[in-house]
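Data first, discussion second: the structure below is written as structure tokens.
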Amino acid sequence: MQKYILIFLFLSLIKFVNAQNITPSTIEERKEAFKNKQILQKNSWFKKYPIRNIGPCVMGGRVVDIEVNPTNINEFYVAYASNGVYKTDNNGQNFVPIFDNLSRITIGDIALSKSNPKIIWVGTGENNASRSSYAGMGVYKSNNSGKTWEYCGLENTQHIGRIITHPTNENIAFVASMGALYSKNTERGVYKTIDGGKNWKKTLFINDSTGIIDMTIHPKNPNLVWACAWERARKANQFKESGESSGLYFSDNGGETWIKIQQDLPQGKQVGRMGIAISESNPDILYLVLDNQEKIKEDKKKENTDANAALIEAKIKGCEVYISTNTGKNWKKINQKALEGVFYTYGYYFGQIRINPSNSNHIYIFGVPFLKSIDGGKTYKSIAKFSKVHPDHHALWINPNNENHFILGNDGGIYTTYDGGKTYTHLNNTPAGQFYTVNTDNETPYNVYGGLQDNGTYKGSSKAESDDTKAWELLSWGDGMYVQIDPNNSKTYYSGYQFGTYSRTIDGKSKRITPKKIEGINNVRFNWRAPLLISKHQSNTLYLCSQVVLKSKNQGTDWEKISDDLTQNLPQSNVPFSTISAFAESPLDSNMLYVGTDDGWVWVTKNGGKKWEKIIQNLPKKRWISSLFASNIDKNTIFLTLNGYRNDEITSYIYKSTDAGTNWISIKGNIPNESVNIIIQDNQNENFLYCGTDEGAYISIDAGKNWHVLTGDFPNIATYDMYIQAREKELVLATHGRSIFIMDLKPLYELTEKNLQKNIILFKVKAIQFDKDWGKQYDYEEKNEPQIQFNFFIPINKEKININIRNKENKIIYQTDINTKIGFDNFVWNGQITDKGEKTYIQKGEYTLEGEGEKISFVVE
């Protein structure tokens, strides 16, 4: 019997390995994709297409680093995991992005040169090893406080743990590279430059699975450098967050050679992420925080009821703090009691420590709570209450001249305090929400709903400004996932959090609807973003997916299973896998349902779940099905996206079937290789398609033959979800880093076959409100002038077009020539005209805009 069990386990292992053998994208492929993206951006039709950001900014977003100009503390920089780098010069009253569209705007670390704070280093690729920690493209540098940037290489480092600079020589810097997250690579370790980033030397390399997560340098003797090595490997079904290669390394010759410190510190497979800091006031003292993954034996093993419980309830040693008082020669574990509830099981997300610059006994550690010790690490106290400050902390700056003033960064954004943490101010004026999903209701004006990473589910007005904190309300907590709104009554909605935990809310009262058990299934597996859908045919009908499809006809009160396990049921580890990751219902046939799984299978039922057909012919194997979209126009048309993100593969996979999945054709067209998250079809024009990737959003007007990248008002940022508000003809885009954007589709609908034969397409102009004070100016103010914007589209490449504005008497009152190229464009007119030799301003009345033989009327009222 034992023999057969071993054979079964061996075959299962082979099955699992074969299921994971996707080849990661090479650096050449990544560079080619980046080059192709730049070409598309340069030639984009949408550079001047108006797309507005509606926030929200009220909840902030995941901050990974904060750097403050030591010569002017009102000027500081904030790095976001997936939202780039922002700068303020007024102590956080407002921030401006300074790193858009240079690369993937995912950040691991930033650093100001210690000897010249105008020099900023940016290491791309988030280092927290989260599910959505995107790979970067190396290191950038600015010599003028972020006005311009130069690329400094290290393109395949992918995830930067830390950048440190020499205390006196601005040309010397160190980069700690973690390397690839989902695969092995050799571009990890410590890199050193002595010429300001022109050239790099790898001075520490351990192996292809171990990178460097943190570093520090002696402030007075820069020959002494420390580096924290971390062995970690993430897969779709598993996360190994510790290993024997993890440990502390030391160099006494400026980072040229290294030794591993083995005395006094834990060694072995249980050693996870570490963070290190050196005291500025007494550099003999260093502190190290360590995630110890060693399991603690329990008297009675608890039943692992679900994935959320496993994150919190599994018992490990967790957070440990060590101190050295002799410049790292010896170390001692200093925390007197176990630091439970700091890291839980996911120390990979934290693992950092800071020291008060003026008092080496005052230290801070990051975790779910934010802790401070005033006795050199023996005991701790939380100084950021969950009711006032968002949990999950990642960044901290302490004022060297006032220890009660510090700036804190976490999953909720930026907080400042001037009383040592007794009170905080939330600087939530930057749209940085990491949205997973988006939806709308049918109110007037309509509201936008969405689920966010670690910030719950929010609802806000579609008319909101990007910095309006009052336009949004929190509906539910957790990592917000799908949200569904009853189309007949927006006071009834469904929302939830990770791993399929959903609730129904009616008139403000909520009740859990996720079933605790499913008949015939012992181990229920929900995806992190488990699909939940309200039927387009009957608003009381819901679908919820685990490894099976569940259907409720009474708003989630009761559920019936309408499928067997539709996944490959691959071997499980510590991350739920072989789950349903995408689901769609045909708007034209309630019996036609589609399912996609994270292990690469796609299914259709044409009879409401009685029979399911596997439809994977012509599709790439073993990829994560990231979206399914059933056409609103043709019953048998279905769209599909797949991605290999969890294998470090960036290839774009976008497919269409016109026979309900029997055959598939690729419609990726000219989209560069980027992991694809979502595709939807327009509900008016079958040739209009909208696509979101890990690096932006695209539009096709010819059914996927050619794609045009959104740029200009829309950043180069991960786009997770899209939804068309049909009544208002608007596209709502959910980004994982810069909240929500709305794009008016009405100008796009003007791109008909007939109109595209014209020299120019002029778009309607809203009525302009007259102001009798146009032209007036006080000495202390700018002149009061209208800013009238006219939008148009150039279908044929022309270097210049002539624009006229005529009054009711057909007299030309304004004329200009505009340099143009193919695409959407606009010009702004200040309303100034010349009448009888004198300059004046446009008055109330009817006018005509004309150009290249086309004309359109508008009014000033």
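The values are calculated or read from the model by the stated rules, or taken from the named source; none is laboratory data. This one's a predicted model, so the numbers in the text were calculated from it and none came from an experiment. Quick reminder, even Gly has a Cβ in these numbers, built from the backbone with ideal geometry, and neighbours come from all protein chains shown. For accessibility, only protein heavy atoms count, side chains too; no ligands or nucleic acids. Shrake-Rupley method; radii C 1.70, N 1.55, O 1.52, S 1.80 Å.
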Read through the list (1) among the polar types (S, T, N, Q); (2) under 36 Å from the mean Cα position of the chain (by Cα); (3) at pLDDT 95 or above, then give the number of the only condition that ASN308 fails.
(3)
Does LYS705 fit the bill of being over 26 Å from the mean Cα position of the chain (by Cα) and assigned to a strand (DSSP E or B)?
no
Name the single residue, out of those in segment 490-508 being touching a residue at least 40 places away in the same chain (Cβ under 8 Å) and not in a strand (DSSP E or B), that is surrounded by the most Cβ atoms within 10 Å (Cβ to Cβ).
GLY500
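I'd like to know if segment 798-815 contains one or more residues that are on the phi > 0 side of the Ramachandran plot, out of contact with any Pro (no Cβ under 7 Å at 6 or more places or on another chain) and of a type in the set (Lys, Arg).
no
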Of all residues in segment 450-489, which are open to solvent by less than 20 Å² (accessible area, probe 1.4 Å) and part of a loop (DSSP other than H, G, I, E, B)?
GLN453, ASN455, SER462, ALA464, ASP479, GLY480, MET481, VAL483, ASP486
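So that you can scan it fast, the table gives a plain yes or no per residue for (1) aromatic (Phe, Trp, Tyr); (2) over 20 Å from LEU427 (Cα atoms):
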{"site": "GLU473", "(1), (2)": "no, no"}
{"site": "SER476", "(1), (2)": "no, yes"}
{"site": "ASP486", "(1), (2)": "no, yes"}
{"site": "ASN489", "(1), (2)": "no, yes"}
{"site": "TYR497", "(1), (2)": "yes, yes"}
Would you confirm whether or not segment 154-174 contains a residue that is among the acidic types (Asp, Glu) and under 22 Å from PRO219 (Cα atoms)?
yes
Any idea how many residues of segment 265-280 are exposed (fewer than 14 other Cβ atoms within 10 Å of the Cβ) and touching a residue at least 24 places away in the same chain (Cβ under 8 Å)?
1
Looking at THR820 and the list (1) closer than 30 Å to LYS42 by Cβ; (2) among the polar types (S, T, N, Q); (3) surrounded by fewer than 15 Cβ atoms within 10 Å (Cβ to Cβ), which single condition is not satisfied?
(3)
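Output the residue which, of all residues in segment 509-540 that are of a type in the set (A, V, I, L, M, F, W, C) and part of a loop (DSSP other than H, G, I, E, B), is farthest from LEU452 (Cα to Cα). Break it down stepwise before answering.
Restricting attention to segment 509-540, the residues satisfying the condition of being of a type in the set (A, V, I, L, M, F, W, C) are 513, 518, 521, 524, 526, 528, 530, 532-534.
With part of a loop (DSSP other than H, G, I, E, B) added as a condition, the list becomes 513, 524, 526, 528, 530.
On the way: ILE513: 20, VAL524: 24, PHE526: 18, TRP528: 12, ALA530: 14 Å.
Ranking the candidates gives VAL524 first.
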Pull out all pairs, ordered by first then second residue, where Cβ-Cβ is under 9 Å, the residues are six or more apart or on different chains, the first lies in segment 567-587 and is without any contact (Cβ under 8 Å) to a residue 24 or more places away in the chain, and the second is assigned to a loop (DSSP other than H, G, I, E, B) and open to solvent by 40 Å² or more (accessible area, probe 1.4 Å).
none
Scan segment 415-437 residue by residue and report those that are of a type outside the set (S, T, N, Q) and surrounded by fewer than 23 Cβ atoms within 10 Å (Cβ to Cβ).
TYR418, ASP419, GLY420, GLY421, LYS422, TYR424, HIS426, LEU427
Name, by its number, the condition in (1) over 15 Å from the mean Cα position of the chain (by Cα); (2) at pLDDT below 95; (3) within 18 Å of HIS426 (Cα to Cα) that does not hold for LYS87.
(2)
Go through segment 403-419 and report how many residues are in contact with a Gly (Cβ under 6 Å, 6 or more places away or on another chain) and either free of Cβ contacts under 8 Å to residues at least 12 places away in the same chain or more than 23 Å from ASN361 (Cα to Cα) (or both).
2
Criterion: farther than 25 Å from TRP612 by Cβ, among the hydroxyl-bearing types (Ser, Thr, Tyr) and at pLDDT below 95 - qualifying residue of THR469, THR505:
THR469
Do you know which of the residues in segment 670-685 that are in contact with a strand residue (DSSP E or B) (Cβ under 8 Å, 6 or more places away or on another chain) and under 27 Å from ASP648 (Cβ atoms) is surrounded by the fewest Cβ atoms within 10 Å (Cβ to Cβ)?
ILE680
Within segment 90-129, considering residues that are among the small types (Gly, Ala, Ser) and more than 23 Å from the chain's Cα centre (by Cα), the one most open to solvent (accessible area, probe 1.4 Å):
SER115
Any residue that is open to solvent by 10 Å² or more (accessible area, probe 1.4 Å) and in a strand (DSSP E or B) - is there at least one of those in segment 686-699?
no
Suppose we keep only residues that are surrounded by 13 or more Cβ atoms within 10 Å (Cβ to Cβ) and in a strand (DSSP E or B) within segment 803-817. Which one would you say is nearest to the chain's Cα centre (by Cα)?
ILE803
A careful count of residues in segment 827-849 that are open to solvent by 30 Å² or more (accessible area, probe 1.4 Å) and part of a strand (DSSP E or B) gives 9
Output the qualifying pairs, or none if there are none: Cβ atoms under 7 angstrom, residues six or more apart or on different chains, first residue in segment 366-379 and assigned to a loop (DSSP other than H, G, I, E, B), second residue of a type in the set (D, E, K, R).
VAL368/ASP392
Of the residues that sit in segment 360-381 and are open to solvent by 60 Å² or more (accessible area, probe 1.4 Å) and of a type outside the set (A, V, I, L, M), which one is farthest from ASN429 (Cα to Cα)?
LYS378
Mind listing whichever residues of segment 47-61 are out of contact with any strand residue (DSSP E or B) (no Cβ under 6 Å at 6 or more places or on another chain), within 27 Å of PRO672 (Cα to Cα) and buried (at least 17 other Cβ atoms within 10 Å of the Cβ)?
LYS47
Every residue from segment 315-359 that is out of contact with any Asp or Glu (no Cβ under 8 Å at 6 or more places or on another chain) and more than 23 Å from GLN262 (Cβ to Cβ):
GLN336, LYS337, ALA338, GLU340, GLY341, VAL342, TYR344, THR345, ARG354
